[in-house]
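For reference, the structure discussed in these notes is given below.
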Amino acid sequence: MRCNYHNHTYRCGHACGMEEDYIRKAIAEGIYILGFSDHSPYPLRDGYVSYSRMGVDEIDGYCQTLLSLREKYKNYIDIKIGFETEYYPKYFDSLLDLYRPRPIEYMIYAGHFIGNEGDDDGFTFCAFDKTSDKAKMKAYVDNTIAAIKTRRYSIIAHPDMINFVGDLDYYREESARLIRCAKEYGVPIEINLYGMRDGRHYPNDEFWKIAGRLGASATLGFDSHHEKHVADGNEIVRGLRLADKFGVNVIDEVKLVDPKF
C-alpha cells in the first residue's frame, strides 16, 4: 500500500505529532500519496464546543501549514489536504461555505454522532455506545447513505463503527443497504486499522462478510493518530488478511472528489 488518506495530528486534540513528522515517516516508508484528514471544524450552533476536532479559527493555519510542506517536499511525495467530516444535515451547507475559499481537496465521511451534534432537538447518539435499538441502527445507515448521496465524500471511514448488539439478521440487512449504496455511488468503504490496533468492536467480521459477497471496494484506513502508524507493515498485513478472508477488493489510490463543487 503506497497511498494513505486518513491521518490526524495534534490539532484535533486527541492525536500527537506534527504534520512534518508524518510526512518524513511516509517518505521513509515509500508512501507516495499522503492525505491529511484531521477532524474537521464544524460551524455548529453558537456556544457549542467540541473537544474532538479543531476549531473554525484553526482551519487557515492547518491549510497554510500543509501548503508550505507540500511545496517543501514536492519532489518526494504528493500531499493532499482534506478533512474527516461528519454529516450533519442542518449545518452541512455552512460547512461547505467554510471550505469553498480554502484549498480543501477531499472529505472522508465519519459517522461518530448521528443527528445534529450539540442540538437538543436532534436525534443524536454516539455510534461507539452499545445499542440493540433498531431505530438507532437504521438512523446510522440512513445518515451514511444521505452522506454518500451528497456526492461530496471520497471515502466512508469505519462504516461498521456502530456498536449494534441487537438482532443479527437486522444488522446484516441494514449493513447490506449501506454497502449497496456505497457501491452504487462508487465510494469506497474503509477497513479501519485504528479499530484493529486499539482492539475496538470494528472492523466487524459480519459487515465485511457482506461487503465481500456484494463486491464492495475498500481502502485500508490507517487512521493515524501518531506518525508511527502512517505505514505500519504489520497493520497493513492484518488489514489485507481480513479483506482476503472475506473476498473484499482493496484499492490503493482513490479518485478524490472535490467537496466544494
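Derivation of every value follows stated rules applied to the coordinates shown; laboratory data play no part. These figures come from a predicted structure and were not determined experimentally. Cβ: placed from backbone, ideal geometry, glycine included. Neighbour counts: every protein chain shown.
Here ILE155 clears all of (1) more than 14 Å from the chain's Cα centre (by Cα); (2) under 18 Å from SER37 (Cα atoms); (3) surrounded by 15 or more Cβ atoms within 10 Å (Cβ to Cβ) except the condition numbered (1).
Going through (1) in a loop (DSSP other than H, G, I, E, B); (2) in contact (Cβ under 8 Å) with a residue 12 or more places away in the chain one by one, PHE207 falls short only on (1). In the set TYR202, TYR171, TYR153, only one residue is in a helix (DSSP H, G or I) and in contact (Cβ under 8 Å) with a residue 12 or more places away in the chain; that residue is TYR171.
Among the residues of segment 158-175, those identified as among the acidic types (Asp, Glu) and either surrounded by 17 or more Cβ atoms within 10 Å (Cβ to Cβ) or within 27 Å of TYR99 (Cβ to Cβ) (or both) are ASP160, GLU174.
Considering only residues in segment 117-136 that are under 19 Å from the mean Cα position of the chain (by Cα) and either touching a residue at least 24 places away in the same chain (Cβ under 8 Å) or assigned to a helix (DSSP H, G or I) (or both), the one that is surrounded by the most Cβ atoms within 10 Å (Cβ to Cβ) turns out to be ALA127. In segment 94-153, the residue that is farthest from LYS183 (Cα to Cα) out of those that are out of contact with any helix residue (DSSP H, G or I) (no Cβ under 9 Å at 6 or more places or on another chain) and of a type in the set (Phe, Trp, Tyr) is PHE128. Filtered by the rule that a residue be under 26 Å from TYR87 (Cβ atoms) and aromatic (Phe, Trp, Tyr), segment 226-261 gives a lone residue, PHE261.
For segment 212-261, the candidate set comprises residues that are assigned to a loop (DSSP other than H, G, I, E, B) and of a type in the set (Lys, Arg); within that set, the residue that is surrounded by the fewest Cβ atoms within 10 Å (Cβ to Cβ) is LYS255.
Can you name every residue in segment 207-250 that is over 23 Å from GLU174 (Cα atoms), out of contact with any strand residue (DSSP E or B) (no Cβ under 6 Å at 6 or more places or on another chain) and not acidic (Asp, Glu)? Scanning segment 207-250 gives HIS225, HIS226, LYS228, HIS229, ALA231, GLY233, ASN234, ILE236, VAL237, ARG238, LEU240, ARG241.
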